[in-house]
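Below is one structure, written out as structure tokens; comments come after it.
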Amino acid sequence: MLREVTATRYVTPLREGGSLPGIVEADDLGTYVMKFTGAGQGRKTLVAEVIAGRLAQLLGLRVPELVGIRLDPVIGLSEPDEEVQDLLKASGGLNLGMDFLPGALGLDPLAFAVSAAEAGRVVWFDALVGNVDRSWRNPNLLVWHGEMWLIDHGATLVWHHNWPSAQAGSSRSSRSFGVSGPYDASDHVLAPFGPDLASAAEDLAPRVTGELLAECAAAVPDEWLTDEPGFAGPDELRDAYVRTLSARVSGLHERITIGEPSRDGPSRAPGWLTGATPPVRRGEGSAQR
């Protein structure tokens, strides 16, 4: 299970995220990015965050620590924003926290180099969990102390929004829902770095065992897994996550396609970064006219 802490102060909302996560301080003296059970996306987003995030950690990818955060809504009574107050009131109890990385910057693929080996491992992992939210438009990658960190996995495991299709095995509906079908990485933020998918598969696939996946599913609190239609209880639902992910592993790298990025993709690196042209300094160029 997740380590649990108790929120002691709500610091500020992070308005970059559609679910309005916030920065909070906790009784262990830590600072966390908190994702709320009362947010519009619902608790399945938090389930995906835990299973995918824990899996990435166990595979050796850098993901900030995940914790459960107990929230008493009264800590937000002084918050002037009514939207934030409503979110806090709707999220009393256990929520999800991710260790806050002070000073981290969003990864810019035009300014930060990633090796083919590391790119391959991240793309292979994203294909395994069906991540649809790691494009150049929204990389969900941070650079902290010169290393790349993976964040925000709430858009993974998309099949758990329709379990009947997910459990249809090799059926047409299962393939169309992304469970056993191809994974298009053409717009993946790391596609331009030539991901070494074969080496990633050779290293990572044997490590994705039923036991490892069960450990990931076990980290999800029972209260986020209750009342799911078609399942008798949290343990049965955990087994479904394990079975579905296990079924994706074999031959996964052969189902990853990397074609031409969409037309609105990122431009090439600027000349001042590559050394082709010097940077324009204040007072030079058009600013002098």
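Residues that are closer than 17 Å to residue 152 by Cα and crowded, with 18+ Cβ neighbours inside 10 Å do occur in the range 102-120.
It is to be established whether one or more residues within the range 26-36 are surrounded by 15 or more Cβ atoms within 10 Å (Cβ to Cβ) and of a type in the set (Ser, Thr, Tyr).
yes
Picking from residues in the range 15-47 that are at pLDDT below 95 and among the aliphatic types (A, V, I, L, M), the one that is nearest to residue 64 (Cα to Cα) is 20.
Taken residue by residue, the range 203-216 has no member that is assigned to a helix (DSSP H, G or I), among the hydroxyl-bearing types (Ser, Thr, Tyr), at pLDDT 95 or above and surrounded by fewer than 20 Cβ atoms within 10 Å (Cβ to Cβ). State whether one or more residues within the range 85-94 are on the phi < 0 side of the Ramachandran plot, out of contact with any Asp or Glu (no Cβ under 7 Å at 6 or more places or on another chain) and among the acidic types (Asp, Glu). Scanning the range 85-94, I find at least one residue that is on the phi < 0 side of the Ramachandran plot, out of contact with any Asp or Glu (no Cβ under 7 Å at 6 or more places or on another chain) and among the acidic types (Asp, Glu), so the answer is yes.
May I ask you to list the residues in the range 208-243 that are polar (S, T, N, Q) and within 19 Å of residue 4 (Cβ to Cβ)?
At the first step, the residues of the range 208-243 found to be polar (S, T, N, Q) are 209, 226.
Matches in the range 208-243: 226 only.
Residues that are in contact with a strand residue (DSSP E or B) (Cβ under 8 Å, 6 or more places away or on another chain) and of a type in the set (Asp, Glu) were ranked within the range 44-82; the one that is surrounded by the most Cβ atoms within 10 Å (Cβ to Cβ) is 49.
Selection of the range 115-153 for residues being under 12 Å from residue 62 (Cα atoms) and part of a strand (DSSP E or B) yields 141, 142, 143, 144, 147, 148, 149, 150. Remark: pairs (first residue in the range 97-118, under 30 Å from residue 8 (Cβ atoms); second residue assigned to a helix (DSSP H, G or I); Cβ separation under 8 Å; 6+ apart in sequence or on different chains) = 98/49; 98/53.
Among the criteria (1) touching a residue at least 40 places away in the same chain (Cβ under 8 Å); (2) closer than 18 Å to residue 92 by Cα, the one residue 50 does not fulfil is (2).
A quick yes/no check of all residues on (1) touching a strand residue (DSSP E or B) at 6+ places or on another chain (Cβ under 7 Å); (2) farther than 27 Å from residue 143 by Cβ; (3) basic (Lys, Arg):
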residue	(1), (2), (3)
196	no, no, no
217	no, yes, no
222	no, yes, no
225	no, yes, no
238	no, yes, yes
241	no, yes, no
251	no, yes, no
254	no, yes, no
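The set of residues from the range 119-148 being of a type in the set (Val, Ile, Thr) and either free of Cβ contacts under 8 Å to residues at least 60 places away in the same chain or not assigned by TED's automatic domain parsing to the domain that holds residue 192 (or both) comprises 132, 143.
Within the group 99, 86, 27, which residue is within 28 Å of residue 158 (Cβ to Cβ), in contact with a strand residue (DSSP E or B) (Cβ under 7 Å, 6 or more places away or on another chain), of a type in the set (Asp, Glu) and outside the structural domain of residue 153 (by TED's automatic domain parsing)? Before you say what the answer is, go through the steps one by one.
Values: 86 fails: in contact with a strand residue (DSSP E or B) (Cβ under 7 Å, 6 or more places away or on another chain); 27 fails: within 28 Å of residue 158 (Cβ to Cβ).
Being within 28 Å of residue 158 (Cβ to Cβ), in contact with a strand residue (DSSP E or B) (Cβ under 7 Å, 6 or more places away or on another chain), of a type in the set (Asp, Glu) and outside the structural domain of residue 153 (by TED's automatic domain parsing) holds for just one of 99, 86, 27, which is 99.
Select from the range 177-202 the residues that are among the hydroxyl-bearing types (Ser, Thr, Tyr) and within 22 Å of the chain's Cα centre (by Cα) and write down the one among them that is modelled with the lowest pLDDT. Give the steps one after another, and end with the answer.
Taking the range 177-202 as the starting set, the residues that turn out to be among the hydroxyl-bearing types (Ser, Thr, Tyr) are 180, 183, 186, 199.
In the following step, the residues that additionally are within 22 Å of the chain's Cα centre (by Cα) were identified as 180, 183, 186.
Numbers: 180: 68, 183: 95, 186: 96.
Across the range 177-202, the extreme among qualifying residues is 180.
The values are calculated or read from the model by the stated rules, or taken from the named source; none is laboratory data. Values in this document were obtained by computation on a predicted structure and should not be read as measured data. Please note: Cβ atoms are built from the backbone with ideal geometry, for glycine as well, and neighbour counts cover all protein chains shown.
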